[in-house]
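Scroll down for the structure; my scribbles are underneath it.
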Amino acid sequence: MRISRRQALALGIAAPALLRFGEARAATALKISHQFPGGTATEGDFRDRLCRRFAALIQERSKGAMTAEIYPGSSLMKTNAQVSAMRKGALDMSLIPISYAGGDLPELNIGLMPGLVTGYDEGLGWKNKPIGQEFSKFLAAKGLVIVTWIWQAGGVASRARPLVEVGDAKGMKIRGGSREMDLVLQAAGASVLSLPSNELYAAMQTGACDAALTSSTSLTSFRLEELAKHLTTGRAKSYWFMLEPLVMSKAVFDRLSSEERDIIVSVGAELEAFGRAAAVEDDVRVAKVYQAAGATVHDLDDKTVRAWRELARDTAWKDYANKNENCARLIKLAMEAGS
């Protein structure tokens, strides 16, 4: 039975979606999963807030034809299962450190390559340079689409002694965040462990982890200041920059109408300014949080960053480039983007 305009209008809030997208097209309800603490549109971890802003904007722009529900704290599925689920079309979207899937797709480890990206301008500039275009092409072939490019600087929370200079790592048990960061830490004399940032508190609490490298936001969102005696910040300089984008399953993206895809792309791009501003703000805020908790705060200087970068160039960068032709091409383009 056909629905008349009068009948559609009688349906109230659903009417715009019906009128604009047609009676045969059901509303698109997306699920967005992430590992970070939940909050509101204005309070809490900015990555959760970004997802909520995204959901509100696509609903507004589509006049209710698209909605999105947020599942924080890995409440929908385990953190490390999210990329695989998106590739299969079993999960719509996730905001996730892209290097978490580096075990299956080693190319993705370029998203947390120590010393490669040294600033926000450089990282966000990837999107419109050959490195970003090549990386996006690779992701598309693997079933993934970056909706919002997000880079975050990071630092180190440590339980007993600081991790600032390369020599400080010797004998410590450290979480680096990616295989490539682990190679650098091992070369510096550390033992390494691999786990997502939402498991860091328990690992540091039990003593399984002496120090953790993670984003400025995660350093506070997961309350590591309660355990740490020292913080090395990324507020001035950092050799640890992570690509942590809002990602969509390509299978899901391709099923959308052209109008819906346009909304997804435009809203995702608009939120990049918010993501950058919030990340920079957290680089500064984390130092205040740790100082208030009684930790000693350390900053990096040019000499120290160069030392970490040189160690990375001789270890992680070479290892990555030797993985396969894709990796060799990607790191070459990334180096050119930063030159």
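Here are the numbers for the structure shown:
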item	result
Carbon/sulfur fraction of accessible area - the stretch 28-338, other protein chains in place, 1.4 Å, %	48 percent
Lys, Arg +1 and Asp, Glu -1 on Cβ, resulting dipole of the stretch 28-338 about Cα centre, debye, nearest 20	360 debye
Residue-count net charge about Leu144 - beta-carbon cut-off 13 Å; Lys, Arg +1, Asp, Glu -1	+1
Karplus 3J(HN,Hα) series, Hz, for the stretch 144-159 with 6.51 cos²θ - 1.76 cosθ + 1.60 (x for Gly, Pro)	10, 10, 7, 8, 9, 7, 10, 10, 9, 6, x, x, 10, 9, 10, 6
Cα-based reach from Lys323 at 14 Å (exclusive), listing aspartates and glutamates while leaving out same-chain residues under 8 positions away	Asp104, Glu107, Glu180
Long-range amide H partners of Phe241 with built H, under 5 Å	Gly115, Val117
Residues with amide H under 5 Å from that of Thr28, placed H, sequence gap 5 or more	Met66, Thr67
Lysines whose Cα lies under 22 Å from that of Lys78, excluding same-chain neighbours fewer than 8 positions away	Lys31, Lys88, Lys142, Lys250
Unit Cα scatterers, Debye sum, the chain: log10 I(q)/I(0) for q = 0.09, 0.13, 0.15 Å⁻¹	-0.48, -0.94, -1.22
Amide proton proximity set for Ala190, modelled H, under 5 Å, gap of 5+	Gly171
Rg(Cα)/(2.2 N^0.38 Å) for the stretch 58-123, N = residue count	1.41
Probe 1.4 Å, protein heavy atoms only - accessible area per residue of the chain in square angstrom	43 Å²
Linear extension gain, Ser75 paired with Lys129, 0.36 nm per residue minus alpha-carbon span	15.9 nm
Fraction of antiparallel bridges per DSSP, the chain only, in percent to nearest 5	55 percent
Derived scalar couplings ³J(HN,Hα) [the stretch 110-116; Karplus, 6.51 cos²θ - 1.76 cosθ + 1.60; whole Hz; x for Gly, Pro]	5, x, 8, 9, x, x, 6
Reference-scaled alpha-carbon Rg (2.2 N^0.38 Å with N residues) for the stretch 88-243	1.05
Eligible aspartates and glutamates near Lys288 by straight Cα distance, threshold 14 Å, same-chain separation 8 or greater	Glu225, Glu226, Asp299
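The values are calculated or read from the model by the stated rules, or taken from the named source; none is laboratory data. Computed from a prediction, not measured in an experiment: that's the story for all the values here. Glycine also receives a Cβ, built like all others from the backbone with ideal geometry; neighbour counts cover every protein chain displayed. All accessible areas refer to the heavy atoms of the entire protein, side chains included, with ligands and DNA or RNA removed. Shrake-Rupley method; radii C 1.70, N 1.55, O 1.52, S 1.80 Å.
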